[in-house]
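What follows is a set of notes on a single structure, which appears directly below.
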There are 2 protein chains.
Amino acid sequence: MDARALSEFGRRDWETDTDHEPVRFAMIGLGWWTREEAIPATEESDRCETTVVVSGDRDKAADVAEASANAETAVTYEEFHDGAATDEYDAVYIATPNAKHVEFVESAAEFGKAVLCEKPMEATPERARRIVEACEGEVPLMVAYRMHTEPAVRRARELVAEGAIGDPMLVHGSMSQDLLEIFSNPDQWRLDPDLSGPGASVMDLGIYPLNTARFVLDADPVEVSALARSDGEAFSDVPDEVATFEVRFDDGTLAACSASQNANRSSHLKVVGTDGEVSIEPAFFDRQSRQFELEVNGTRAAVEPEQVDQMLEEFDYFAHQVRTDRDLYADGRHGLVDIETLHAIYESAEQGSVVEL
Amino acid sequence: MDARALSEFGRRDWETDTDHEPVRFAMIGLGWWTREEAIPATEESDRCETTVVVSGDRDKAADVAEASANAETAVTYEEFHDGAATDEYDAVYIATPNAKHVEFVESAAEFGKAVLCEKPMEATPERARRIVEACEGEVPLMVAYRMHTEPAVRRARELVAEGAIGDPMLVHGSMSQDLLEIFSNPDQWRLDPDLSGPGASVMDLGIYPLNTARFVLDADPVEVSALARSDGEAFSDVPDEVATFEVRFDDGTLAACSASQNANRSSHLKVVGTDGEVSIEPAFFDRQSRQFELEVNGTRAAVEPEQVDQMLEEFDYFAHQVRTDRDLYADGRHGLVDIETLHAIYESAEQGSVVEL
């Protein structure tokens, strides 16, 4: 057993600079994720703080500002677009429904603010391209894949890169949850194609196994195939109450993935190579104890790493890179590949054939 | 914790009769599996014995008979077809290459012998149908799915049937091994389409997640989609050094599966339902300690069951059913569905579209 490897499992390998002015955030879209995960992460952080909160609902914005440690300014969406309080924040975090991202990105870019945009970065490839165009060469843009700063995922990526499991051959990845148990009201944006994009499960959950496989393999999709089904009444507007999809990556690796908004909360990621495998389970939900397993030539090690606050890791990474003028990963072009792939998955499920990217 | 459930985990729920005349087997095809797994299982069993061994090679047959406890008669394939030693065996076990099964089944049926035929039951649907026709109404036929008598799989099937995980939504299943490490000579039948059927990984390994999902769900495939790749020189005659495939079952469940003959030895099965999930890992290789996990409404139990000798379970079940005049599961029609599905998987991978069954 390698005690040093254990003690360094959670290291921030991206961190060089430990002291800089906090990045002041305007938080846009004040749903439960922003209120309960994102804002608390910035309050915990030495690198970030929430100074402005932005909502479509003036009262909600005021309440969230009131409840927060540092947010002194509450503005509406309209006021934000009109340039309110631009001297009070350095960056925006956008966590509105998918199809509402691009206008906020465009305004933020116009104001010269760095952008941290939730994934999937938009509802359609056309709108995602507008995000790339608004930011490229103008302001820093990062798509908020919290798996990219999750230590278990970074360790898996390092092991694959150094050839620990040989050549990757196969990936399995799944993510499912009971959406209607989490949000008892079925009238919600994830089930509304106008707000979510072409579907509910692959867009919102399937993006985790898809993108994390891309990140761990350091490879991009070249073709996809998918099956989907919606039987439940709450899912009548979307094709994917449950879906499976296969991905062929440009390094030849094949992935077998699944997603469902109407199943037990469950997730796993497994990368099988010619000489070994690495797996993480549960993989994709935050605030869970993860089991990280590595097998090489028949010998297996299991690690249960210390939990990190994934949103704190993500916000701190973003602030660190912005303050040290470093590139951000994932950038808009990386996020756009996912949007194109997600759409190809829905197209494949609809037409019953492989779709090339 | 339920101590009684633990002590009964490995129970033979099919067993009613504990005392009967042993079924005497002619073992056909004396590769390592027959020599090291099947014949030893019959020697361990009170219900079975190997009395005749049959090989294409007279000397090999004689050597195997010599090394065995009860086999007194060694015959060649030709002699078998000519009816040699028919008074010395009650049943045949057929473990030749896939494309050599049907002729032995036809001879055995002609001699009135019960048939235990390895899976996949043949190389093509046409030849599999000949097996069904030769046996149906004539002699007992069972296709040798050792997962069907593996206690961990039977417990998973019971839990799904009683609704413990709610409605099944998703299955993940994988099986991979390094074929060329096991058999260093690449000139072997699994890589030869004339002997194996359309491919190497899905036919030989993919059948495990496919069939075990069928068995655990008690459902049959209605459509499949697949991706495959062969890069390695040893795999130049088959399309599937590695493959992924999706299956839509007639109960609506979707499965994401994979198979590779050039990857780390690995296997897992996971069935996710609306209220919970059941998983087995490693799932499909024999002589491994399995981790059996059940999660219901957020509470998770892990069981590491006592290992059984899977071939002993399978042979004893077969003998028990034959001696008590009970139906055999899986019968030929069950096996034929797999052959048709496996061929549809290869067809899907070749033509890049969903194939209905």
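Report D for the protein assembly as shown in µm² per second (integer): Stokes-Einstein, Kirkwood Rh on Cα pairs, 25 °C, 0.890 mPa s. Stokes-Einstein gives a translational diffusion coefficient of 90 µm²/s. Close amide-amide hydrogen proximity is noted between A:Asp240 and A:Ala200, A:Ser201, each under 5 Å apart and 5 or more residues distant or on a separate chain (H modeled in the peptide plane; Pro and chain starts excluded). As a length-normalised measure over Cα pairs under 8 Å and 6 or more apart, the relative contact order of chain A settles at 19 percent.
Kindly state, to the nearest 0.05, the FRET efficiency for A:Asp63 paired with A:Tyr329, given R0 = 41 Å and r defined as their beta-carbon distance. Approximately 0.75, to the nearest 0.05.
Between their Cα atoms, which of B:Lys113/B:Lys270; B:Lys60/B:Lys119; B:Lys60/B:Lys100; B:Lys60/B:Lys113; A:Lys113/A:Lys270 are more than 26 Å away from each other?
As for pairs spanning more than 26 Å Cα to Cα, those are B:Lys113/B:Lys270; A:Lys113/A:Lys270.
The value of relative contact order for region A:129-261, using C-alpha pairs under 8 Å at least six residues apart, is 28 percent. Measuring from a point 7 Å past the Cα of B:Glu8 along Cα-to-C-beta, which residues in region B:121-159 have an amide N at less than 20 Å? Counting only backbone N, you get B:149-159.
For chain A, report the translational diffusion coefficient in µm²/s to the nearest whole number, using Stokes-Einstein at 10 °C, 1.306 mPa s, and a Kirkwood Rh over Cα pairs.
Translational D for this selection: 76 µm²/s.
Counting Cβ atoms of other protein chains within 10 Å of each residue's Cβ and taking the mean over peptide A:255-262 gives 5. Restriction of the GluC sites (Glu not before Pro) in region A:131-235 to DSSP coil positions whose beta-carbon has at most 14 other beta-carbons within 10 angstrom yields A:Glu136, A:Glu138, A:Glu162. Counting 0.36 nm for each residue step from B:Thr76 to B:Glu133 and taking away their Cα separation leaves a gain of 18.0 nm. Its residue count N fixes a reference of 2.2 N^0.38 Å for region A:72-158, and the Cα radius of gyration divided by that reference is 1.18. Shielding value for B:347-353 is 3, the average number of Cβ atoms from other chains within 10 Å of each residue's Cβ.
Largest first, how would B:Val296, A:Val171 line up by accessible area (1.4 Å probe)?
Values: B:Val296 50, A:Val171 0 Å².
My answer, sorted largest first, is B:Val296, A:Val171.
Close amide-amide hydrogen proximity is noted between B:Glu223 and B:Arg248, B:Leu357, each under 5 Å apart and 5 or more residues distant or on a separate chain (H modeled in the peptide plane; Pro and chain starts excluded).
Across peptide A:290-297, the mean count of Cβ atoms from other chains lying within 10 Å of each residue's own Cβ comes to 1. The chymotrypsin sites (Phe, Trp or Tyr not before Pro) of region B:269-349 that DSSP puts in a loop, and whose beta carbon has at most 16 other beta carbons within 10 Å, are B:Phe285, B:Tyr329. Computed from label points 7 Å out along Cα-Cβ, the spacing between A:Asp251 and A:Ser289 is 3.1 nm. Extending 7 Å from the Cα toward the beta-carbon at both B:Glu88 and A:Asp19 defines two label points whose distance is 9.0 nm. For B:Trp14, the accessible surface of its heavy atoms amounts to roughly 20 Å² (probe 1.4 Å, protein chains only, rounded to the nearest 10). At the residue level, B:Thr51 shows approximately 20 square angstrom of accessible surface with a 1.4 angstrom probe and all protein chains present. Every Cα-Cα pair in region B:158-241 was counted, and those over 16 Å apart are 60% of them. For region A:208-272, the relative contact order comes to 29 percent (Cα pairs under 8 Å, sequence separation of at least 6).
Accessible surface for the protein assembly as shown, divided over its residues, is 38 Å² per residue with a 1.4 Å probe. Note on chain B: with neighbouring protein chains present and a 1.4 Å probe, carbon and sulfur make up 41 percent of its accessible heavy-atom surface. Buried surface between chains A and B: roughly 3600 Å² of accessible area, summed over both sides, computed with a 1.4 Å probe on protein heavy atoms only. Dipole size of the protein assembly as shown about its Cα centre, with +1 on Lys/Arg Cβ and -1 on Asp/Glu Cβ: approximately 400 debye, rounded to the nearest 20. When the GluC sites (Glu not before Pro) in region B:71-127 are filtered for DSSP coil states and for at most 13 other beta-carbon atoms within 10 Å of their beta-carbon, the remaining sites are B:Glu72.
Look at the dipole of the protein assembly as shown built from charges on Cβ: of B:Tyr93, A:Ser201, A:Tyr346, the Cα furthest out on the positive end belongs to B:Tyr93. So if we plug the beta-carbon distance of A:Asp167 and B:Asp220 into 1/(1 + (r/R0)^6) with R0 = 41 Å, what FRET efficiency do we get, rounded to 0.05? Efficiency for this residue pair is about 0.70.
The values are calculated or read from the model by the stated rules, or taken from the named source; none is laboratory data. This structure is a prediction, so every number in the text was calculated from the model and none was measured. Neighbour counts run over all protein chains shown; Cβ positions are idealised from the backbone, glycine included. Heads up: the accessible areas ignore ligands, DNA and RNA and are worked out on the full protein's heavy atoms, side chains in. Shrake-Rupley method; radii C 1.70, N 1.55, O 1.52, S 1.80 Å.
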